[in-house]
Amino acid sequence: MRNTFRKEEKLKKKTLIAELFARGKSISVFPLKMIYLETDHDSTYKIQAGVSVSKRNFKKAVQRNRIKRLMRESYRKNKFLIYNSEDTKKHIFMFIYQGKNEVSYQLMEEKMVILLERFLLKQKNRKDEKN
């Protein structure tokens, strides 16, 4: 698996996003929140992901765009955690930044790893309950 974040991996469809916010479950590790939903999407990739930063907390687009870049980069570098797991089916993710201040890339990456590991733990527990 390559460490890329291609167009096909990005969550863009409004119908999928609406379904995600209506029926999705969430995990939080401040300042990140991940909403996820197991669904069958068109992409050949297991995961389609999107990022979001509140306009209320960051008035300037420059700040919002920087945080979104940091979130995408930290996801791109650590998505192998999910792709290497056999438990994971097709999902859609939305990463939301909840903090009121910008954080460093190192902290963003640490939180992203914790978030993805918690997701995998929930998936594993769910699979164990079914068996």
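The values are calculated or read from the model by the stated rules, or taken from the named source; none is laboratory data. Computed from a prediction, not measured in an experiment: that's the story for all the values here. When we count neighbours, we look across all protein chains shown, and the Cβ atoms used for this are built from the backbone with ideal geometry, even at glycine. Ligands, DNA and RNA are stripped out before the accessible areas are found, and what is left, the full protein with its side chains, is counted by its heavy atoms. Shrake-Rupley method; radii C 1.70, N 1.55, O 1.52, S 1.80 Å.
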5 angstrom amide H check on Leu32, placed H, neighbours 5+ away:
Gln98
Rg (one decimal) and Dmax (whole number) from the Cα set of the chain, in Å, equal 14.4, 49
List the residues, sorted by chain then number, that are 5 or more residues from Gly50 or on another chain and whose placed amide H is less than 5 Å from its amide H.
Leu11, Phe93, Met94, Phe95
Could you size up the charge dipole of the stretch 1-115 around its Cα centre, putting +1 on the beta carbon of Lys and Arg and -1 on that of Asp and Glu, and report it in debye to the nearest 20?
720
Can you compute the FRET efficiency between Lys12 and Glu129 using 1/(1 + (r/R0)^6), with r the Cβ-Cβ distance and R0 = 41 Å? Round to the nearest 0.05.
0.80
Starting from 0.36 nm per residue, how many nanometres of slack lie between Lys33 and Thr4 once their C-alpha separation is accounted for?
8.3 nm
Give me the percent of DSSP beta bridges within the chain that run antiparallel, rounded to the nearest 5.
60
Probe radius 1.4 Å, ligands and nucleic acids left out: which of Glu102, Glu110 has the largest accessible area, and how do the rest follow?
Glu110, Glu102
Find how many whole Å separate the alpha carbon centroid of the stretch 40-67 from the alpha carbon centroid of the stretch 68-87.
14
Accessible area per residue of the stretch 1-106 at 1.4 Å probe, in Å²?
59
Using alpha-carbon pairs under 8 Å, 6+ residues apart, how would you state the relative contact order of the stretch 8-110 in percent?
40
Percent accessible area from carbon and sulfur atoms, the chain, protein chains only, probe 1.4 Å
49
